[in-house]
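Bear in mind these aren't lab numbers, they're just calculated from the coordinates by the rules spelled out. What you see is a predicted model, and the numbers here were worked out from it, not measured in a lab. As a convention, Cβ positions derive from the backbone with ideal geometry for all residues, glycine included, and neighbour counts pool all protein chains shown.
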Amino acid sequence: MDAKEAVSKFVADGSIVFLGGFGHLYPYSLAHEVIRQGKKDLVLCKHSPELAGDQMIGAGLVRKVIFGWFGNPGVGLSNALRRAVEKGVPRRIELEEHSHFTLTLRLRAGAMNVPFLPTRTAIGSDLEKYNKEFKFIDCPFTGQKLCLVPAINPDVALIHVQRADIEGNSQAWGIVADLKEGAFSSSKVIVSTEDIVPTEMIRRDPNRTVIPGFRVDAVVHEPWGAHPSYAQGYYDRDNEFYFEYDQMTRDVDGMNRFLKEWVFDTGTRTAYLKKLGVERLLKLKPKPFPGYAVDYGYYT
């Protein structure tokens, strides 16, 4: 289905929304559709929400962020997040801060259907003082202090990958980060993909399948759906866009202009790409560098 139908069907007001990606494969096209549909009172769950999360906050859709780090990577602060925290503009938001690892553990616990997972990673940090979700015990086997991280099950995951078949079997390579944890812990999963490919192609390279089709509720064909982040083998990170975003969104009027120009007025990813222009898109295309073939032959 297209992004409009998928978001309308599977993203409800008040949802806990997991965003996939880590520098790579951010689901920008899906996030923009959530903004266009004006979904309300969302909880963002992502160890690094990047500009996609910042735009959703700037649009006034978010009431809480469960995160590890939040900024404009390589540039500095996330302007909409800072205004929301410091001034309550466009609305005040609640923060639940983690390390990247503890938030991924929350997702993994949710995926495993266990109430929590133990770790030592938060002990001795300020997270031990400020994250009220953590509990602490002495290990019954070693006596060492452990931090217990509670499971989380997002209502919907927004994920972008390089290729998928029509059944939703989704393949990604490069940095895959917490795509699997996010998909398996979430109640509903929307996958946008650079390419829709035959199932035969998926079966010929099974180790690249990070999300099996039985976990996917909607597949959206969305080339360049991760721009301005990158998709390994398809296009590079648009570093200029990150700097342009920072300059444009330093005040509320600028944020509103950005959303109007790049989200609402474009309406679809096709129009968004047309606005970017062919010359800019071509500059982001990488040179081919295929990996070696692997023989998955089997006995019949």
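Would you kindly state how much longer the chain becomes between residue 285 and residue 175 on full extension, computed as 0.36 nm times their sequence separation minus their alpha carbon distance, in nm to one decimal?
37.8 nm
With springs only between Cα atoms under 10 Å apart, run a GNM on the chain and tell me which of 35, 211, 175 wobbles the most.
It is 175.
With a/c under 1.5 counting as rounded, go ahead and sort region 117-251 into rounded, prolate or oblate using the C-alpha gyration tensor (a ≥ b ≥ c being the square roots of the eigenvalues; past the cut-off, prolate if a/b is larger than b/c, else oblate).
oblate
Checking the cross-link filter: which lysines have an alpha carbon closer than 27 Å to that of residue 287, excluding same-chain neighbours under 8 positions apart?
274, 275
How large is ³J(HN,Hα) for each residue in region 208-223, as worked out from phi by the Karplus curve 6.51 cos²θ - 1.76 cosθ + 1.60 (θ = phi - 60°), to whole Hz, x for Gly and Pro?
Result, rounded to whole Hz: 7, 6, 8, 9, x, x, 5, 9, 9, 9, 8, 10, 10, 7, 9, x.
Tell me, in nm to one decimal, what length is gained between residue 129 and residue 195 on full extension, where the rule is 0.36 nm per residue of separation less the Cα-Cα distance?
Full extension from residue 129 to residue 195 adds 19.2 nm.
Counting other Cβ atoms within 10 Å of each Cβ, which chymotrypsin sites (Phe, Trp or Tyr not before Pro) in region 130-202 have at most 15 and sit in a DSSP loop?
141
What is the antiparallel percent of DSSP beta bridges lying wholly in region 1-143, to the nearest 5?
Bridges in region 1-143 that DSSP calls antiparallel: roughly 10 percent.
Roughly what % of DSSP beta bridges within the chain run antiparallel, to the nearest 5?
Antiparallel bridges: around 35 percent, rounded to the nearest 5.
What pairs from 64/132; 39/64; 87/260; 39/180 go past 18 Å between their alpha carbons?
The answer is 87/260; 39/180.
Would you please classify the overall shape of the chain from the alpha carbon gyration tensor, given that a ≥ b ≥ c denote the square roots of the eigenvalues, rounded means a/c under 1.5, and beyond that prolate means a/b larger than b/c while oblate covers the rest?
Verdict is oblate for the chain.
Sequence-distant or interchain residues sharing an amide H contact under 5 Å with residue 161, placed H: which?
It is 192, 193, 194, by chain and number.
What number results when the radius of gyration of region 22-138, computed over Cα atoms, is divided by 2.2 N^0.38 Å?
Scaled against compact globular proteins, the figure is 1.12.
Treat each spin label as a single point 7 Å out from the Cα along the C-beta direction, and report the residue 101 to residue 166 distance in nm.
Label at residue 101, label at residue 166, 4.5 nm between them.
Expected output is a single nm value to one decimal: the length gained when fully extending between residue 138 and residue 41, i.e. 0.36 nm times separation in residues minus the C-alpha distance. What is it?
31.2 nm
For residue 77 paired with residue 5, estimate the spin-label separation in nm (one decimal), with each label point 7 Å from Cα along the Cα-to-Cβ line.
Taking the two extended label points, one gets 4.3 nm.
Listing 67, 22, 264 from the residue with the fewest other Cβ atoms within 10 Å to the one with the most, what is the order?
In order of increasing Cβ crowding within 10 Å: 264, 22, 67.
What is the chain's relative contact order, in percent, from Cα pairs under 8 angstrom and six or more apart in sequence?
The value is 19 percent.
Decide, for region 41-99, between rounded, prolate and oblate: order the square roots of the alpha carbon gyration tensor eigenvalues as a ≥ b ≥ c, take rounded if a/c falls under 1.5, and otherwise choose prolate if a/b is larger than b/c, else oblate.
It is oblate, given that a/c is not under 1.5 and a/b is not larger than b/c.
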